[in-house]
Amino acid sequence: MNYIKVDLDRQLGSIHPHIFGGFAEHLGRCFYGGIYEPGSALADEHGFRKDVLEALSRLQMPIVRYPGGNFVSGYRWMDGIGPVEARPARPELAWETIETNHFGTNEFIQFCRKIKTEPYFVVNCGDGDMREARDWVEYCNSSQETALVKLRRQHGFDAPHNVKYWGIGNEVDGEWQIGYKTPEEYARAYKEFAKVMRWVDPSIKLLASAVSNWSAEFVERTQLLLDQASDFIDYLAIHWYVGNPENDFANYMTVSEFFDERIGVAEGMLKAMKVQRNIQRPISIAVDEWNVWYRARGETLAERNNLEEVYNLEDALVVAMHFNAFIRHCQTVKMANIAQIVNVIAPIFTSPDGLFLQTIFYPFELYSRTCGNIALDPFWKGDTFSAGKHTALRTLDVSASLDEAKKSVVIFVVNRSQTDALETTISLDSGFFAGKVQAHVINGSDIKATNSFNQPNQVGVKTAVLTAERSRLNYTFEPHSVTALECQID
Ligand code: AHR
């Protein structure tokens, strides 16, 4: 028997909606042949695929990071503005292709407006310089009578784009990055870039590229960054990708510990430096690239197959566990961006004629649609499992949210058992269930079930309506499932 206790008074803090963010890079078919396909019968008058916009809108992403990724470390943003026919095609070194620059800053802003999301730009801190970075802020956000503002107006955008979130560099700690930087080089570059970008627009929020290379000297790197530039840092950005290369389901399901460990490490470094340097300003954590990515890897782009992973049900469980971790760490994780959003390691997969929704689409949609604004601190116990280096992990992985205005509690549960339906008693403290409970369940015939053009509904979400007693609900979680119990409360 399993027990989950949810006490409405045990509140962890507010959940920032930006944890449901996305990331779109100039890479493979993310933009060209995905989001943007001028001339397609499925495109609107601006060249955006209407079916893709509709699917993305369902995910309700409040923020999308752009334009990379590794791509940004060789990107010249000025190549991507002005008349399309005059834009230069360039060799693209990160992914070994040619970038036509037919899609650029203003197209991305239009895209954001269409899906009602906020842009988050990353500047080139690889082979780019601080002038280029500050010019981009000016072009996007200024309304002074300057040459760059006149240029934006000439390009048809009279009002400033007001891009609030700016990252300085991508994965600068990795040798694979164009313009890799030692900890000293990055701390210095970060501060100087940040200074001039803020002088152009003091209202912007800045993200430092902290850790993506977890086997390098990341403690020293983060320490140096905070030591030298904490006045200019609003977020420490960290990245990770996970996978199941050993094809060991139980071990894959222990990934929740990995998330807690990684976030805990970043929290610890921040806390330690705040005390040591008496840093008073708030600095949050942004997990601004995360996802499952292990199949479409390889040395060459062909071997990587444009990073077009096909996801299965177990990956959907892992995506749900990411959100459980972000909710449980809501005090520090104020932004997270699934990498990526269309075709490239993404929840949406297109062909010239249509699209299908990958398995991971469903947990993203379910969490972003139902999650409340306050994280609760649920207690749970019951069945356990052991795998890899972990023993006696609770088979259920749980988080919970509250929305006081809507009088609603949502309990999110991943059942990590491949075989067992888990009977569970759920009790509510400091409040009562009122009326019906909606149980939204993501599942499929087995853990390897995938969606495809031919079989688009192997994994999806089903909703049942239940009745709870005043403060108790008995529910059986299906094996290998994600469940959101959406409860009205008194
Ligand atoms: O998202 C794919 C790639 O993964 C990004 O370009 C890079 O930042 C990361 O290594």
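Quick look at the numbers
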| quantity | calculated |
| --- | --- |
| DSSP bridge orientation in the stretch 16-371 - percent antiparallel, rounded to nearest 5 | 20 percent |
| Full-extension gain in nm, Ile98 to Ser351, via 0.36 nm per residue minus C-alpha separation | 89.0 nm |
| Eligible lysines near Lys406 by straight Cα distance, threshold 18 Å, same-chain separation 8 or greater | Lys436 |
| Distance between modelled label sites at Lys271 and Thr391, nm, 7 Å Cα→Cβ extension | 2.6 nm |
| Under Karplus coefficients 6.51, -1.76 and 1.60, residue-wise ³J(HN,Hα) of the stretch 466-472 in Hz, glycine/proline x | 10, 10, 9, 6, 4, 10, 9 |
| For Ile338, residues with placed amide H under 5 Å, excluding near neighbours | Gly21, Gly22, Phe23 |
| Where Met1, Met321 fall by accessible area, highest first, once all protein chains stay in place (1.4 Å) | Met1, Met321 |
| Segment Lys448-Glu261, extension gain: residue separation times 0.36 nm, minus the distance between their alpha carbons | 64.6 nm |
| Accessible-area value, Tyr294, 1.4 Å probe, nucleic acids and ligands omitted, Å² | 60 Å² |
| Efficiency of FRET from Cβ geometry, Asp129 and Asp79, R₀ 25 Å, rounded to 0.05 | 0.95 |
| Between the stretch 411-477 and the stretch 80-106, the alpha-carbon center distance in angstrom | 46 Å |
| Net charge, Val292 excluded, C-beta distance under 11 Å - Lys, Arg +1, Asp, Glu -1 | -2 |
| For the stretch 434-449, Karplus couplings with θ = phi - 60° (6.51, -1.76, 1.60), whole Hz, Gly/Pro x | 10, x, 7, 10, 9, 9, 9, 10, 9, 7, x, 5, 7, 5, 9, 4 |
| Sequence-separation-based contact order of the chain, relative, with Cα cut under 8 Å and 6+ spacing, percent | 20 percent |
| Solvent accessible area, Å² - Ile263, 1.4 Å probe, full protein context | 0 Å² |
| Per-residue SASA entry for Val410, accessible area with 1.4 Å probe, Å² rounded to 10 | 0 Å² |
| Around Trp77: net Lys/Arg minus Asp/Glu count, Cβ-Cβ under 10 Å | -2 |
| Full-stretch length increase - Lys407, His155 - with 0.36 nm per residue and alpha-carbon distance subtracted | 86.1 nm |
| Dipole-positive endmost among Leu27, Met1, Thr425 within the chain (Cβ charges, Cα centre) | Thr425 |
| Val465 versus Asn247: modelled label distance in nm, points set 7 Å from Cα along the beta carbon direction | 4.4 nm |
| Cross-link pairs Lys181/Lys389; Lys116/Lys334; Lys50/Lys116; Lys334/Lys381; Lys150/Lys205; Lys114/Lys150 - those with Cα-Cα distance over 26 Å | Lys181/Lys389; Lys334/Lys381 |
| Cβ crowding within 10 Å averaged over residues, with 331-341, 104-114 ranked highest first | 331-341, 104-114 |
| Solvent-accessible ranking of Val84, Val211, largest area first, probe 1.4 Å | Val84, Val211 |
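The values are calculated or read from the model by the stated rules, or taken from the named source; none is laboratory data. All values reported here derive from a predicted model rather than from experimental measurement. Here Cβ is always computed from backbone atoms with ideal geometry, including for glycine, and neighbour counts include all displayed protein chains. Heads up: the accessible areas ignore ligands, DNA and RNA and are worked out on the full protein's heavy atoms, side chains in. Shrake-Rupley method; radii C 1.70, N 1.55, O 1.52, S 1.80 Å.
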